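Below are the structure tokens for one structure; questions will follow.
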Amino acid sequence: MRSDADPNMREAIEAVTQRGMAIREAARRYGVPRTTLQRKVQRVEVKPTHATTDVKHEDATSATGDASQVMTIAVPSRKRRAEEMAQSPPSPQSPQSPLTPGLASKGPRKAINGKVRMLCHSAGSALDELSNELIMEGKSVFKLGLGQSPFPVPQCIVDELRANAHQRDYLPVAGLPELREDIARWAARALSLPYTREDVLVGPGTKELLFVLQTVYYGDLLLPNPSCTSYAPQANIAGRNMFWLPTYAEDRWVLQPQVLEDHCAKDPEAPRILILNSPSNPTGCVYSEAELQAVAEVARKYRMLIISDEIYSELHHSSQHCSVSKFYPEGTIVSGGLSKWCGAGGWRIGFWLFPSSLDWLKKSMLVMASETYTSVASPIQHAARRAFQLDCIELDAYKGKCCKILKIIGQWCYYQLQKICVDVQEPDGGFYLFPSFARHRKVLNERGIITDYELCQRLLHDTGVAILPGSVFGRDPRELYARIAFVDFKGDIALYLIESMDDFSLDAISGFVQSVCPNLDIAMRKLAVWIANPPMTSALPKSPIPPEPVVISPLASSLVKSGDDLN
């Protein structure tokens, strides 16, 4: 019996090719061999009405064509394919290929790595690009999707970049030595650990450093669910096993040590990477010292590697950040950068702090970095030195005001969501909320909204409010979670007005938000009206996203397909 005739195999192939599910997840969900599924997926062919395509080498875009096309499994033999090529007359419009007589040249064959073919554009970036397109068309869009800092880069750092624009030399792969020294001194004070510049690795953003690690280190990836959108796709590209570890809203989305213990006990000797993100993207929640210590004890027991993603550490609303490296220094890499607290996401610079016990891993990452990105742009590294200057009054004041602004705006959004019966945790850091719309499930279902994709798609279509579905962070689409990034305001104006604010009552906070964040105020009002009674509409096509958990989400495809209908 052919394996593709097996209904489970057919469903798995459909889940991967039509719904964007990761191959590993589809194999696990439908109980089919992963390698067989991957081979079958790479042979899937969309047959047009009048032509034959080369299935094995078709781009992933070929598999997302018109719904009227028939999806089939075609595995032509080499002999038959050669006969077809010999019988096919050359196209009169195309020149003959000098290498293959009788075969018209159509350019290089399409041959995309199977691990990449099923990936989609990053959900946040895709939504932001779509939002910008709609704005250019004259439509009102409230950008609460992409997690980009609203604050300007501090002027003293901008001045440093201007002064170093002439820097043109390649720098050491590990980073500018003086910058690494500055980061080590800053980290030694912030984390109370004896870092030196030899422990610092500078890269073009922490996302790139994580990808290098996942390529170099051979181990399973453990992710608390929900987690940042890029962690899982990188594991898929690198061919690593990835496991979601459940967390719960009633625990403020904090990973419980028993959950970690239960997973590791199944295979105690397996090498593993655990990524902890505090303050959290997408929830805004923060681990306490006791919670970090409990997780660290399990990590030490099973000798796992922890990546402590602390990119939002300087945006802790109470300025009381704690790192898991305090409790497990020998096994923790601390990840940080300038993208969030410094407003310099587009500068693309991040750093990792290694304990001396992981020097062997740092050296391997340097080898790969030398063959890929080589080094971060020289002017950026020179300018970044100012960001880690100790006892800088200007920067300390800047960070203090940013934290104060985000705290009061986060509280205001939290209260607005509570007023409309949306369950959510009050944020402690960063600029995210992770609300559940499950209490409105009945009225949403009556309007044909079953999944979080459909919720976000319809919300954008009906109101112009752009938020991200919770399933791109690992949640089940039917749970109806979404991430709100409360960043649609002018950060420079907020920094100026917060200086004169001395009343932090709810009324005063509401007045501040209405004056400084008018787009955010309007967006929350629109959301409140819409969630109470989302309008019926036939303008949108039926969502192609399945009502089931996925690892890699085709959000970009689902939103862009409906782009012509948005208003």
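Every number in this text was worked out from the coordinates using simple rules, so none of it is lab data. All values derive from a computational prediction rather than experimental measurement. Because the Cβ atoms are built from the backbone with ideal geometry, glycine has one as well, and the counts that use them run over all protein chains shown.
Tell me which lysines have Cα within less than 25 Å of residue 40's Cα, excluding those fewer than 8 residues away on the same chain?
The reachable lysines, counting only those whose Cα sits under 25 Å from residue 40, are 56, 79, 110, 115.
May I pose another question? Just the number: Rg to Rh for segment 155-390, Cα atoms, Kirkwood Rh, two decimals.
0.96
Related question: Please list the non-local residues whose amide H lies under 5 Å from the amide H of residue 275, H modeled 1.01 Å from N, same-chain partners needing a gap of 5 or more.
Hits under the 5 Å cutoff: 222, 307.
Would you mind ranking 6, 452, 428, 521 by Cβ crowding within 10 Å, fewest neighbours first?
Listing 6, 452, 428, 521 from fewest to most nearby Cβ atoms yields 6, 521, 428, 452.
Among 422, 158, which comes first, then next, by fewest other beta-carbon atoms within 10 Å?
Result, fewest neighbours first: 158, 422.
A further question on this structure: Among rounded, prolate and oblate, which fits segment 184-225 when a ≥ b ≥ c are the square roots of the eigenvalues of its C-alpha gyration tensor, a/c under 1.5 means rounded, and a/b larger than b/c means prolate?
Judged from the Cα gyration tensor, segment 184-225 comes out prolate (a/c at least 1.5, a/b above b/c).
Report, by chain and number, residues whose modeled amide H sits under 5 Å from the one on residue 480, excluding near sequence neighbours (fewer than 5 apart, same chain).
Result for residue 480 returns 452.
With θ set to phi - 60° and the Karplus curve 6.51 cos²θ - 1.76 cosθ + 1.60, what are the ³J(HN,Hα) couplings of segment 177-184 in order, to the nearest whole Hz, using x for Gly and Pro?
x, 5, 5, 4, 5, 5, 5, 4
Using the Karplus curve 6.51 cos²θ - 1.76 cosθ + 1.60 with θ = phi - 60°, what ³J(HN,Hα) values do you get for each residue of segment 303-317, in whole Hz, with x for Gly and Pro?
6, 8, 8, 10, 9, 8, 7, 10, 5, 9, 4, 7, 10, 5, 5
In addition: Quick check on my link table: of 207/362; 266/363; 362/404; 207/526, which ones sit more than 26 Å apart, alpha carbon to alpha carbon?
Pairs exceeding 26 Å: 266/363; 362/404; 207/526.
For segment 121-138 and segment 291-352, what is the centre-to-centre distance using only Cα atoms, to the nearest Å?
The distance from the Cα centre of segment 121-138 to that of segment 291-352 comes to 30 Å.
With a/c under 1.5 counting as rounded, go ahead and sort segment 110-169 into rounded, prolate or oblate using the C-alpha gyration tensor (a ≥ b ≥ c being the square roots of the eigenvalues; past the cut-off, prolate if a/b is larger than b/c, else oblate).
Since a/c reaches 1.5 but b/c is at least a/b, the shape of segment 110-169 is classed as oblate.
When only DSSP loop residues count, what trypsin sites (Lys or Arg not before Pro) in segment 261-306 have their Cβ near at most 12 other Cβ atoms within 10 Å?
Answer by residue number: 266.
Shifting gears a bit: Given 270, 325, 341, which one lies farthest toward the positive end of the charge dipole of segment 213-351, if we put +1 on the Cβ of every Lys and Arg and -1 on the Cβ of every Asp and Glu?
The one lying farthest along the dipole's positive direction is 341.
Still on this structure: Rounded to two decimals, what is the ratio between the C-alpha radius of gyration of segment 120-241 and 2.2 N^0.38 Å?
1.39
Let me ask something additional. Skipping prolines and chain starts, which residues have an amide H placed within reach, meaning under 5 Å, of the one on residue 247, given they are 5 or more residues away or on another chain?
HN-HN under 5 Å from residue 247: 225.
On to the next question. Sorting 11, 250 on the 10 Å Cβ count, fewest up front, what's the list?
250, 11
Over the Cα atoms of segment 275-429, Rg to Rh with Kirkwood Rh, two decimal places?
We get a ratio of 1.01 for segment 275-429.
For segment 258-360, what mean projected area does the convex hull of the alpha carbons give, in nm²?
Result: a mean projected hull area of 7.3 nm².
Further, regarding this structure: Checking the cross-link filter: which aspartates and glutamates have an alpha carbon closer than 19 Å to that of residue 401, excluding same-chain neighbours under 8 positions apart?
314, 391, 428, 488, 492, 499, 502, 503
Return the distance in nm (one decimal) between the two label points of a simple spin-label model at residue 243 and residue 39, each offset 7 Å from Cα along Cα→Cβ.
Simple spin-label model gives 2.8 nm for this pair.
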